[in-house]
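For reference, the structure is listed below as structure tokens.
The values are calculated or read from the model by the stated rules, or taken from the named source; none is laboratory data. Model, not experiment: these values are computed from the prediction. Every residue, glycine among them, receives a Cβ derived from its backbone with ideal geometry; neighbour counts consider all protein chains shown.
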Amino acid sequence: MTADYLVIGGGTAGCIVAARLSEDPDVTVKVIEPGPSDETEQRARSIRRWAEMVESEYDLDYRSVPQLRGNSAIRQARMQILGGCSTANTMITWRPLPADIDEWAEFGVTGWDTATLSRCFDKLATPITPVAPADRNPYVADVVSAARQALDLPARQAWNSDPDFAATGEGAGFFEIGYTPETNLRSSTSVHYLHEAVRTRANLTVAHGEVATRILFADADADADADADADADTDTDTDTGGVGPRAVGVQTVSVDGTVFEHRARREVIVCAGAIDSPKLLQLSGIGPAEVLGATGVDVRVDSPGVGENLMDHAEGLIVWETDRDVPTTCATGWDAGAAVRLSDDSAARPDVLMHFPVEPVADHAVAYGVEMPEKIISIAPNVAKPRSRGRVRISSADPAARPVIDYGYFTDPDGIDEQALVAGVRLARRIAAQSPMSEWIVREVFPGPQRTSDAQLSEALRATHQTVYHVSGTCRMGGDHDPMAVLDSYLQVRGVQGLRVVDASVLPTLTSVNPVGTIMAVAERAAELIRGAEPSRGAEPSRGAEPSRGAEPSRGAEPSRGADLAGHAAARPVQEAS
């Protein structure tokens, strides 16, 4: 089948983009999704069961290279199921903070100001509501109360509509969650954007069980009737302005090993996530020349920023023994927390974001040699505005090979991330010393009262920290003169026509709060740009001419949204997808 738009990955952003584009009955949209539908998967429907999705059969469970200054045992959840990570996260959904979005302009990004993203946030079809009173855990309520008193934080009842939070970046309270309280149904983008649209729109289809393995190209300057294959590999122009190869489709492989080619009349839109979008670009010949050359991939566009600028929220842990039974009441189990600035001179956003879980996740501390008592409680502070940067790179031209992920945790030269994590644990100790939380505590178990210096705390925390699964920034937007900018402000891949990226990888900097609200707003904005709500600058118009016919033969592959090909049968001959 040839569609006007191919959306590669039916994840958090891909569902929104596909649904919005298919609102126009005159265009056809096809989503390539390696996983099944989530409609009958109850673990994906109830937000309370999110942890059952992590490390499940849907999770690619990516690992990292050894970390020089961080935890080397990080397991990064990436979902192969319609809805992507919005089927397996806690849907703590924040309106983009002005201090987070305004700094994007420093990278030469235009058209992405706070007012624009806030307007797009207001368009979201996903229900977002404060945790319902019936779901508010009494123990967690005590921690919230103690945090407000100990840290002199304002109470937040509705963070997203509170102008004081937008102005100060501080507060404590139960979060706003993407869910329906009466049913505990999660507000995944598949549920609220795609399910009904697929049933009712003839112009929208989803190809389940197919992994995108390579973007197909035709020469930008070839005649439409000419065979573009012979010259496709020679064009490595990195400029925008309507030059460079044109993306005309994508190659996929099904579970049984059958290889298909899907064609796009207008655009290929990569929504594969912050690990697999750069991987797909690299395996398609777009990326750092030295990385591509080392793996035997022909360089189509030398784009040094592809896979760089990886950011994540590193989350520490402090654990106490309790002699009380913690109630199980909750919406997600991670329903409340605190946002804290470490200096009055810092920007109006948190430097430390704390989560107050119902049930601690202490696996890394146990692996560190800490013996946990039967009953424990915890606070999990994270580095809200990470300065450290990592990268993701292909390890081979083989699509079954997993990417090489290096988070670069705590490698920022000024040590700000390390200082923030230590400060977060010190703040948590102050909360624990404050009634009513103090009444729950028998003793501190980890890091332990014997660790008092910054150096002692840092060593323990860096060895045991967790990810908050917020990997981003690996195909970031940037200005025309920024050599590390993979995309322009219209999310178009530089040096290529008819190709965009829309997911967490496009963020120039990571938000200081959970980013899913920003990612969904970015997807809404992307759909506006693609549909021509604003004219496209400097590259092929978003609804441009038919591409040249001669697509490049397949060479290499890449899974969409993290798909692992290890279990796929040997590839069969290429077929035209229907």
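Condition check for LEU353 on (1) within 25 Å of ALA132 (Cβ to Cβ); (2) in contact with an Asp or Glu (Cβ under 8 Å, 6 or more places away or on another chain): one failure, at (2). Of all residues in the stretch 350-365, none satisfies being over 28 Å from the mean Cα position of the chain (by Cα) and either closer than 26 Å to MET91 by Cα or assigned to a loop (DSSP other than H, G, I, E, B) (or both). Total residues in the stretch 49-96 satisfying the condition of being under 15 Å from the mean Cα position of the chain (by Cα), farther than 28 Å from THR328 by Cβ and at pLDDT 90 or above: the figure is 1.
Is it fair to say MET311 is in contact with a Leu (Cβ under 8 Å, 6 or more places away or on another chain) and either among the aliphatic types (A, V, I, L, M) or within 21 Å of ALA147 (Cβ to Cβ) (or both)? Judged against the criteria, MET311 is a match. Go through the stretch 381-398 and give me each residue that's crowded, with 24+ Cβ neighbours inside 10 Å and under 16 Å from ARG462 (Cα atoms). Listed by number, the residues that qualify are PRO381, ASN382, VAL383, ALA384, PRO386, GLY390. Within the stretch 512-521, is even one residue assigned to a strand (DSSP E or B), modelled with pLDDT of 90 or more and in contact with a strand residue (DSSP E or B) (Cβ under 9 Å, 6 or more places away or on another chain)? Checked against the condition, which is being assigned to a strand (DSSP E or B), modelled with pLDDT of 90 or more and in contact with a strand residue (DSSP E or B) (Cβ under 9 Å, 6 or more places away or on another chain), the stretch 512-521 yields no hits at all. Any residue at all in the stretch 24-37 that is farther than 22 Å from VAL268 by Cα, of a type outside the set (Ser, Thr, Tyr) and surrounded by fewer than 18 Cβ atoms within 10 Å (Cβ to Cβ)? For the stretch 24-37, residues farther than 22 Å from VAL268 by Cα, of a type outside the set (Ser, Thr, Tyr) and surrounded by fewer than 18 Cβ atoms within 10 Å (Cβ to Cβ): absent. Remark: pairs (first residue in the stretch 362-376, loosely packed, with under 13 Cβ neighbours inside 10 Å; second residue at pLDDT below 95 and among the aliphatic types (A, V, I, L, M); Cβ separation under 8 Å; 6+ apart in sequence or on different chains) = ALA367/ALA73. The helices (runs of 4 or more DSSP H) falling completely within the stretch 78-197 that include 1 or more residues that are touching an Asp or Glu at 6+ places or on another chain (Cβ under 9 Å), within 23 Å of VAL358 (Cβ to Cβ) and among the aliphatic types (A, V, I, L, M) map to 138-151. Looking at the stretch 315-324, is at least one residue within 22 Å of ALA485 (Cα to Cα), surrounded by 24 or more Cβ atoms within 10 Å (Cβ to Cβ) and either in contact (Cβ under 8 Å) with a residue 40 or more places away in the chain or among the basic types (Lys, Arg) (or both)? No, the conditions are met nowhere in the stretch 315-324.
Could we say that VAL27 is hydrophobic (A, V, I, L, M, F, W, C) and assigned to a strand (DSSP E or B) here? No. Scanning the stretch 471-494 for residues that are among the charged types (D, E, K, R) and more than 18 Å from the chain's Cα centre (by Cα), we see that the one that is surrounded by the most Cβ atoms within 10 Å (Cβ to Cβ) is ARG494.
In this structure, does GLY111 turn out to be among the small types (Gly, Ala, Ser) and crowded, with 24+ Cβ neighbours inside 10 Å? Criteria not met by GLY111. VAL468 meets the conditions (1) touching a helix residue (DSSP H, G or I) at 6+ places or on another chain (Cβ under 9 Å); (2) surrounded by fewer than 24 Cβ atoms within 10 Å (Cβ to Cβ); (3) under 24 Å from GLY171 (Cβ atoms) in every case but one. The failed one is (1).
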